[in-house]
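Novice: Dropping the structure in here first, questions after.
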Amino acid sequence: MERIVITGATGFLGRNLAKLFLEKGNQVFALVRPDSGHMDLLPVHPNLQVIRHPLEETEQWVQEIGHADGFFHFAWGGVNRGEIDSPQVQSRNVAMSLDCLRGAGRLGCSIFMDAGSRVEYGTPDAPFREDLECSPVNAYGQAKWEFYQKAAHLSGMLGIAFFHLRFFSVYGPGDHPWSIISTLTRELPRGEKVSLSACRHLWNFMYIQDAVQAVYELYRHGHETPSAIVNVAGGDTRPLKAFVEEIHEIAGGRGELEYGTFIQAKEGAPDIRPDISRLLAFTRGDWKEEYSFRRGIEETMGFGTVTSKTRERRSEGSK
């Protein structure tokens with residue numbers, strides 16, 4: 001039984017990864033804020049232990065956990081539009097994340113992984129390869145890139161294998177309600193109008209179960225590979241409009257797509273073309289995508305439309 005620490009464990013990636021590690025027979029320590037209002041999102045399992053301390057209070061949570069094998073740092077504040085470009089908020093994130101890495105060293109962890117981001121690359125007119133020069137546009141991307149550079153040096157000093165996971169567009173049940181996939185799968189079945197960009201640029205989506213399985217396999221093989229940046233993305237890259245139209249079709253053609261009316265973020269609309277050669281190489285053939293985009297969207301829509309009474313009936317039927 002491995003002892004795994006996850007920060008951001010009530011978040012979209014964190015709780016799904018925690019569930020997977022628990023299913024694999026490991027012990028998971030969910031490191032959450034004392035005032036967290038999302039405890040109900042954590043999986044229920046006898047091998048899950050909730051540790052309630054601010055991440056900055058390293059001494060307290062290190063003492064409570066005692067020892068761990070792997071550390072997954074997915075907590076990061078200021079990801080909404082109001083704070084994503086705040087240097088102050090993002091600077092605090094970098095300092096807090098470095099505290100987590102030091103704490104992982106004190107716990108005796110052999111592997112530390114964090115959630116990087118595709119926005120670190122900026123807007124290159126080239127496939128997004130891990131060795132590409134980074135030119136992030138907003139403060140969030142700059143902070144993620146700053147953390148990687150400092151953490152790569154610190155992890156070497158601590159003797160910890162460090163994997164900076166650059167996630168692209170991961171979606172699925174329970175994703176942020178403002179994401180494009182959440183918005184489309186929620187609003188179109190209701191017959192609502194959805195405001196969109198022109199959607200001509202290339203994009204890439206990855207279903208949540210494929211994403212956490214990729215992270216799990218990277219962890220399993222982490223001792224066989226050198227510390228590195230790793231793109232975590234799917235193999236289906238095409239114009240965003242093609243994805244949008246497929247969701248519209250799955251929704252039975254209901255609702256209305258209003259192209260060209262959505263205000264783009266600061267980084268604009270670059271073509272997103274992730275190279276996942278390193279992910280495939282590092283997982284040694286033990287990971288492959290199981291979910292097509294259609295299957296992922298159908299599961300996401302099904303989750304969103306099941307009523308509480310239907311859930312109760314299903315629960316009764318399983319007893």
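The values are calculated or read from the model by the stated rules, or taken from the named source; none is laboratory data. Keep in mind that what you see is a predicted model, and the values were worked out from it rather than measured. Cβ placement follows ideal geometry from the backbone for every residue including glycine, while neighbour counts extend to all protein chains displayed. The area values use the complete protein model at the heavy-atom level, side chains included, leaving out ligands, DNA and RNA. Shrake-Rupley method; radii C 1.70, N 1.55, O 1.52, S 1.80 Å.
Novice: Does ARG284 qualify as being at pLDDT below 95 and open to solvent by 60 Å² or more (accessible area, probe 1.4 Å)? Working first, answer last.
Specialist: Values: at pLDDT below 95: no; open to solvent by 60 Å² or more (accessible area, probe 1.4 Å): yes.
No.
Novice: Residues that are within 14 Å of PHE293 (Cα to Cα), at least 3 per element: which strands (runs of 3 or more DSSP E) completely within the range 159-271 meet that?
Specialist: Counting at least 3 such residues, we get 169-171, 202-207, 237-239.
Novice: May I ask you to say which residue of ARG106, ARG102, ARG81 is among the basic types (Lys, Arg) and in a loop (DSSP other than H, G, I, E, B)? Talk me through it step by step, then tell me what you get.
Specialist: Values: ARG106 fails: in a loop (DSSP other than H, G, I, E, B); ARG102 fails: in a loop (DSSP other than H, G, I, E, B).
Matching residue, one of ARG106, ARG102, ARG81: ARG81.
Novice: If I filter the range 28-49 down to residues being open to solvent by 30 Å² or more (accessible area, probe 1.4 Å) and under 18 Å from the mean Cα position of the chain (by Cα), which single residue comes out as nearest to TRP61 (Cα to Cα)?
Specialist: HIS38
This table checks each residue for (1) of a type in the set (S, T, N, Q); (2) in contact with a His (Cβ under 8 Å, 6 or more places away or on another chain); (3) open to solvent by 60 Å² or more (accessible area, probe 1.4 Å); (4) farther than 15 Å from GLY8 by Cβ.
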residue: LEU55; (1), (2), (3), (4): no, no, no, no
residue: ALA68; (1), (2), (3), (4): no, no, no, yes
residue: ALA75; (1), (2), (3), (4): no, no, no, no
residue: ASP85; (1), (2), (3), (4): no, no, yes, yes
residue: VAL89; (1), (2), (3), (4): no, no, no, yes
residue: ALA95; (1), (2), (3), (4): no, no, no, yes
residue: CYS100; (1), (2), (3), (4): no, yes, no, no
residue: LEU132; (1), (2), (3), (4): no, no, no, yes
residue: ASN138; (1), (2), (3), (4): yes, no, no, yes
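Novice: From VAL119, VAL94, which residue is outside any loop (DSSP other than H, G, I, E, B), in contact with a helix residue (DSSP H, G or I) (Cβ under 6 Å, 6 or more places away or on another chain) and within 26 Å of GLY234 (Cα to Cα)?
Specialist: Criteria check complete, one pass: VAL119.
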